[in-house]
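Below is one structure, written out as structure tokens; the observations come after it.
The values are calculated or read from the model by the stated rules, or taken from the named source; none is laboratory data. Everything numeric in this text was worked out from a predicted model, so none of it was measured. Here the Cβ positions follow ideal geometry from the backbone for every residue, glycine too, while neighbour counts run over all protein chains shown. What goes into the accessible areas is simple: the full protein's heavy atoms, side chains included, and nothing from ligands, DNA or RNA. Shrake-Rupley method; radii C 1.70, N 1.55, O 1.52, S 1.80 Å.
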Amino acid sequence: MLQQLCRKWSGSHALMHDFAESSAAAAPPGSPLGVLVADAHIEHWLDLPEGEDGEYMQSPEVGERLRLAADRSVRHHSYERRPGWTSGDNAFAMAFTLHGDRPAAAERFDVLGDRVTRWPWSYLATPDVAFTRARQNARR
């Protein structure tokens, strides 16, 4: 559903973010649906021209929304790592990396270990290379 609401598929940033935020807020604490917030910010970032993309991701509002979504999902004590869990942590790791929040990104990388997923890292480079580079920068 989130993909259908992206601007690239005739949706809008507002519709996409509203869906992500409302879905995450309506889910019980510990739900993996919080990743929709990270996914929406990554999709928004992808749609912006160079220069504006970094400005957008590094804004305080984006950082606050990412932290709230992570606190309610992957960082919540009720969160259960079920099959496919790595995709959510990879999305948060990349979103926190793009935001410039090294401690939050490092926390996700610590949980992930070497478990890299193709998406979203393929937007930056070869997934393994992008993931490894971001993990090293987060741990500085």
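Counting only helices (runs of 4 or more DSSP H) wholly contained in the range 1-88, the ones carrying 2 or more residues that are under 22 Å from Gly113 (Cβ atoms) occupy 35-47, 60-72.
Scanning the range 91-133 for residues that are at pLDDT 95 or above, under 14 Å from the mean Cα position of the chain (by Cα) and not in a helix (DSSP H, G or I) returns Gly100, Asp101, Val116, Thr117, Ser122. Looking at Arg108, Arg82, just one residue is open to solvent by 50 Å² or more (accessible area, probe 1.4 Å) and not acidic (Asp, Glu), and that residue is Arg82.
Listed by first and then second residue, the pairs with beta-carbon distance under 9 Å, at least 6 apart or on different chains, first residue in the range 19-43 and open to solvent by 20 Å² or more (accessible area, probe 1.4 Å) and at pLDDT 95 or above, second outside any helix (DSSP H, G or I) and of a type in the set (Val, Ile, Thr), are Pro32/Val74; Val35/Val74.
Each row is one residue, and each column tells you yes or no for (1) in contact with a Gly (Cβ under 9 Å, 6 or more places away or on another chain); (2) closer than 20 Å to Ala105 by Cα.
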| residue | (1), (2) |
| --- | --- |
| Ser31 | no, yes |
| His44 | no, yes |
| Asp47 | no, no |
| Glu50 | no, no |
| Glu61 | no, yes |
| Ala70 | yes, yes |
| His76 | yes, yes |
| Trp85 | no, yes |
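When Ser10 is tested against the conditions (1) surrounded by 14 or more Cβ atoms within 10 Å (Cβ to Cβ); (2) more than 15 Å from Leu98 (Cβ to Cβ), the lone failure is (1).
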